[in-house]
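The values are calculated or read from the model by the stated rules, or taken from the named source; none is laboratory data. Because the structure is a prediction, the values reported are computed rather than measured. Don't worry about glycine lacking a Cβ; one is built from the backbone with ideal geometry, like all the others, and counts go over all protein chains shown. What goes into the accessible areas is simple: the full protein's heavy atoms, side chains included, and nothing from ligands, DNA or RNA. Shrake-Rupley method; radii C 1.70, N 1.55, O 1.52, S 1.80 Å.
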Amino acid sequence: MSGRAAHAGTGRELWLAIAAFLVALAMPARAQQDVPEAGPLAVSRPPDAENGRRIVTDRRKGLCLLCHSGPFPEVRFQGDLAPSLAGAGSRWTPAQLRARLIDSRLFNGETIMPPYFRAEGQSRMAVAFKGRTILTAEEIEDVTAFLATLRE
Amino acid sequence: MTGRAGRAFALAILLLGHALADDIPANQRLSGHDMMGAEAQAMQRDDFANPAMLAVKEGEALWKAAPGEGRPSCQSCHGDAAESMKGVAARYPARDASTGRAFDLPGQIQACQTGRQAVAPSARESAALLALEAYLSLQSRGMPLASPRARGLEDAVLRGEKLYRQRFGQLDLSCAQCHSQNWGRSLGGTRIPQAHPTGYPLFRMEWQAIGSLQRRFRNCMTGIRAEPFPAGAPEWVDLEIYLKERAADMAMDAPGVRP
């Protein structure tokens with residue numbers, strides 16, 4: 001698999017995420033579900049799907065609709081670089097959605113989807129973002145919870 | 001795991017091969033002008049409507065003016081720009097024969113200011129430097145970009161291509177992923193251009209000003225949350241050289257206009 005999976009992180013959460021990944025990868029794959037999975041991250045509060053929706057539709061926070069489109073009639077300009085998010089929750093399990101958010105390179109080493117929970121390994125990180133992940137563990141859980149509601 | 005790893009490996013090889021071969025065929029290349037709306041195109045083409053032409057006028061005045069008591073003007077060394085500077089911008093960046101260093105056009109102007117005119121060089125992105133650059137670029141309008149590779153800049157072309165294909169920043173994206181693999185698509189409503197540097201410096205409505213190619217590079221780098229190289233850095237020059245190789249033979253249309 002992509003060597004990018006193994007970047008050492010300093011944050012405890014990052015280690016947890018990576019550990020979850022390795023566990024997921026080592027588990028025997030079930031038929032039709034031969035894709036990376038990640039268990040819930042350690043968070044300080046329960047997931048909030050509504051906040052997840054806010055993050056997904058926020059151009060500066062989630063950035064998702066720069067590339068994706070989806071069932072968000074209030075967002076005027078959506079992207080067409082990636083599949084629609086509509087129905088994502090019926091195509092993927094929460095563990096698969098979470099894994100994709102954490103680092104999509106585990107699915108596809110060439111993907112353009114940014115790694116939302118990886119703070120290290122990128123080249124020339126802007127000073128303002130150094131050592132920081134795009135989303136926090138809480139936000140990853142919020143977005144995962146929200147995506148899981150997109151059933152059609 | 002082994003079956004999966006094997007498949008992932010095969011896929012990686014396939015994608016890598018694809019990525020390396022994956023750029024725009026010469027007959028499908030489009031300039032930024034070609035890809036924008038009719039209104040902005042018309043504004044670029046009409047010299048009376050193109051706001052960058054103000055900078056060109058300013059550049060012409062600077063070309064002719066002595067920078068100080070007893071200091072030579074650009075024109076006193078080079079003569080009429082319409083003659084002596086015809087086609088020059090189309091073959092920049094160029095290598096300085098004595099130092100071996102590649103200069104982009106603003107870098108060359110700065111070198112003339114310090115070396116020949118003995119004045120302090122105009123700063124990158126200053127109105128004066130952009131004006132001179134715009135004036136000189138206009139003298140190459142309609143002329144084909146000369147291939148840097150054919151001019152002995154092969155090493156810089158290779159370094160520039162490496163930068164073009166390298167992922168940068170928190171978003172971990174490369175120039176190629178947007179401009180070679182996803183051009184024409186909508187990035188949150190903005191159509192991704194092919195990144196051919198035929199029209200710089202250009203006037204950008206969003207900036208409300210004329211700006212350089214390096215300013216554009218910086219915008220793309222900060223967009224992916226990467227730390228831009230410093231103004232005038234050799235990395236920027238290498239990138240420009242690679243983009244000009246990629247755009248070789250396309251017609252110069254500076255000074256451009258962008259929304």
Everything considered on the Cα gyration tensor (a ≥ b ≥ c; rounded for a/c under 1.5, else prolate if a/b is larger than b/c, else oblate), the stretch B:86-128 must be described as oblate
Aspartates and glutamates whose Cα lies under 15 Å from that of B:LYS86, excluding same-chain neighbours fewer than 8 positions away:
B:GLU60, B:GLU133, B:ASP253
GNM top mover of B:GLY188, B:GLY87, B:GLY59 - chain B, alpha-carbon springs below 10 Å
B:GLY188
Apply the membrane-span-like helix rule to chain B: whole DSSP H runs, Cα extent along the own long axis of at least 27 Å, mean Kyte-Doolittle hydropathy at least -1.0. List the helices found.
B:2-21
Averaged over A:119-127, how many beta carbons belonging to a partner chain fall within 10 Å of each residue's beta carbon?
6
What is the magnitude of the charge dipole of the stretch B:176-259 about its Cα centre, with +1 placed on the Cβ of each Lys and Arg, -1 on the Cβ of each Asp and Glu, and no other charges, expressed in debye to the nearest 20?
340 debye
Springs between alpha-carbon pairs under 10 angstrom, Gaussian network model over chain B: which of B:SER76, B:SER212, B:SER147 fluctuates most?
B:SER76
Using a cut-off of 12 Å between beta-carbons, work out the net charge of the residues near B:HIS179 (Lys and Arg +1, Asp and Glu -1, B:HIS179 not included).
+4
I need the shape label for chain B. Rule: rounded when a/c is under 1.5, else prolate if a/b > b/c, else oblate, with a, b, c from the alpha carbon gyration tensor.
prolate
Shielding of A:79-87 by partner chains, average beta-carbon count, 10 Å
3
Which one, A:PRO94, A:PRO36, A:VAL75, projects farthest toward the positive side of the charge dipole computed for the stretch A:36-149 from Cβ point charges (K/R +1, D/E -1)?
A:VAL75
What does the buried accessible surface come to for A and B, summed over both chains, with the probe at 1.4 Å? Round to 100 Å².
2800 Å²
Modelled label-to-label distance, B:ARG116 and B:ASN219, 7 Å Cα→beta-carbon offset: nm?
3.1 nm
Sorted by chain and then number, the residues having a modelled amide H within less than 5 Å of the amide H of A:LEU85, at least 5 places away or on another chain, are A:SER69, A:GLY70
Would you tell me the mean number of C-beta atoms belonging to other protein chains that fall within 10 Å of each C-beta in A:109-117, as a whole number?
5
Quick one: grab the alpha carbon gyration tensor of the stretch A:36-149, order the square roots of its eigenvalues as a ≥ b ≥ c, and give me rounded if a/c is under 1.5, else prolate or oblate depending on whether a/b is larger than b/c.
rounded
How much net charge surrounds B:ARG45 when only other residues with a Cβ under 14 Å from its Cβ are counted (Lys, Arg +1; Asp, Glu -1)?
-3
Non-local amide H neighbours of B:VAL257 (under 5 Å, H modeled in plane, Pro and chain starts lacking H): which ones?
B:PHE203
Return the single residue from B:ALA42, B:ALA146, B:ALA248 with maximal mean-square fluctuation; model: Gaussian network over chain B, springs between Cα atoms under 10 Å.
B:ALA42
Suppose only helical runs count, i.e. DSSP H with n ≥ 4. What mean residue ellipticity at 222 nm does that imply for the protein assembly as shown under -39500 (n - 2.57) per run, divided by all residues and rounded to the nearest 500 deg cm²/dmol?
-12000 deg cm²/dmol
In Å and on Cα atoms, what radius of gyration and Dmax does the protein assembly as shown show?
24.6, 83
Could you compute the net charge surrounding A:ARG98? Neighbours are other residues with a C-beta less than 10 Å from the C-beta of A:ARG98; K and R count +1, D and E count -1.
-1
Treat every Asp and Glu Cβ in chain B as -1 and every Lys and Arg Cβ as +1, leave all other atoms uncharged, and give the resulting dipole magnitude about the Cα centre to the nearest 20 debye.
620 debye
